[in-house]
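The values are calculated or read from the model by the stated rules, or taken from the named source; none is laboratory data. Everything numeric in this text was worked out from a predicted model, so none of it was measured. Quick reminder, even Gly has a Cβ in these numbers, built from the backbone with ideal geometry, and neighbours come from all protein chains shown. Each accessible area value is taken on the protein alone, full model and side chains, heavy atoms only, with ligands, DNA and RNA left out. Shrake-Rupley method; radii C 1.70, N 1.55, O 1.52, S 1.80 Å.
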Amino acid sequence: MAELQVSAPAKINLHLEVLGLRPDGFHELAMVMQTLDLADTISLSPTADGAVSLRCDRSDLPTDGNNLIVKAAELLKQRVGLPELGVAMHLTKRIPIGAGLAGGSSNGAAALVGLNTLWGCGFSAEQLLAMAAELGSDMPFCLDGGTQLCFGRGEVLESAGLPEPPALGVLLIKHPESSVSTPWAYKQCREQFGADYLSTEADFEQRRQALREAALLQGLSGGAPLPAIRNDLQRVVEPEVASVREGLSILRRAEAAAAVAMSGSGPSLFALFVDRDAAEAAQQQLAAPLAAAGFESWVCRCTGSGATLV
Ligand code: C5P
């Protein structure tokens, strides 16, 4: 097969609730995740030398075995049992790195989708989801995308049941020199709030059910005003990271913003608007303070799919 291209979209967290600590050391979560139309692209060319190689237009991103794209390729090769399979990959990066937007996980998910086709592996969607879960907690969501409730470590997906992606416009901002380590954010959360964690499956399930019935999902379908967005990691990251405090205070100046929050473990931040035009108007309204504080910004739409062949 000739060259293939795969699109790897960013996600934001519309809800991130830390329920407790699991026996495997990960946190038990209840989240709503949403894919955006901000996406990286991976091009894949087959080679016959058994080598997996990756190049990237950003020199600050590791392209060795630590990159989830390379990990995904190696896992797929191992599972299909054909060591002679090779691929030369090129990543065009648009999603900010280390930002809480699942850029790395989405890249890995896109590699699974693309290589499954390029190499003719024939794995089912379910098999790809299981491999994705081995590689990272957010990666199964990045395969499927759309609007989903994500439980467990984040890998247990449940469709939010919305007929369409939310019509909302999203103004996303990130300071280029700021990044947050996800393990650090969860560790801070455990140290500061671990005493309040829930511990039984019955308590976890009660919170999951509350999320299924929450006003958020009605708000996302346009049937009700959007409530405030909850992100439990924001309360540990915001006091420690100046760009998060400053960015939130700028976004809160947008009069038309329905909600303002941090995504994942940060430091990217977003404001939600009734539609894309309103988000664009807010980007213009806030252009001066965003530029003065050195923020990059993107206006995005919500989309209904994850990693996709293009
Ligand atoms: O699964 P992933 O590799 O994306 O997770 C990165 C890190 O984030 C984990 O090593 C862990 O420290 C933290 N984490 C967690 N609970 C989760 C997901 C991630 O504590 N549900």
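Structure above, values below:
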| item | result |
| --- | --- |
| P(r) tail fraction, segment 120-265 - alpha-carbon pairs more than 28 Å apart, % | 30 percent |
| Heavy-atom accessible area per residue - segment 176-221, 1.4 Å, Å² | 61 Å² |
| Segment 110-251 - percent of accessible surface contributed by carbon and sulfur, probe 1.4 Å | 49 percent |
| Where segment 4-158 is the region considered: accessible area per residue in Å², 1.4 Å probe | 34 Å² |
| Partners for Lys187 among lysines (Cα-Cα distance below 27 Å; same-chain residues under 8 apart left out) | Lys11, Lys71, Lys174 |
| Burial order of peptide ranges 4-14, 218-228, 35-45, 242-252 (average beta-carbon count within 10 Å, highest first) | 4-14, 35-45, 242-252, 218-228 |
| Label-point gap, in nm, between Ser43 and Ser124 - each point 7 angstrom along Cα→Cβ | 3.5 nm |
| FRET efficiency for Ala292 and Thr200, using Cβ-Cβ distance with R0 set to 35 Å, rounded to 0.05 | 0.10 |
| Average Cα contact separation per residue, segment 114-245, under 8 Å, 6 or more apart, as relative contact order % | 18 percent |
| The chain: most fluctuating residue of Asp60, Asp275, Asp138 per GNM, C-alpha cutoff 10 Å | Asp60 |
| Segment 151-236: GluC sites (Glu not before Pro) in DSSP coil with no more than 13 other Cβ atoms inside 10 Å | Glu177, Glu213 |
| Anisotropy class of segment 124-197 from Cα gyration tensor, a/c 1.5 cut | oblate |
| Degrees between helix 103-118 axis and first principal axis of the chain (Cα, 0 to 90, nearest 10) | 30 degrees |
| Acute angle (nearest 10 degrees) that the helix 68-80 long axis makes with the longest principal axis of the chain, alpha-carbon atoms | 50 degrees |
| Contact order relative to length of the chain, as percent, for alpha carbon pairs under 8 angstrom and 6 or more apart | 26 percent |
| Spatial separation of Cα centroids for segment 132-155 and segment 160-207, in angstrom | 13 Å |
| Formal net charge of residues neighbouring Arg301 (Cβ-Cβ distance under 14 Å; K, R +1; D, E -1) | -3 |
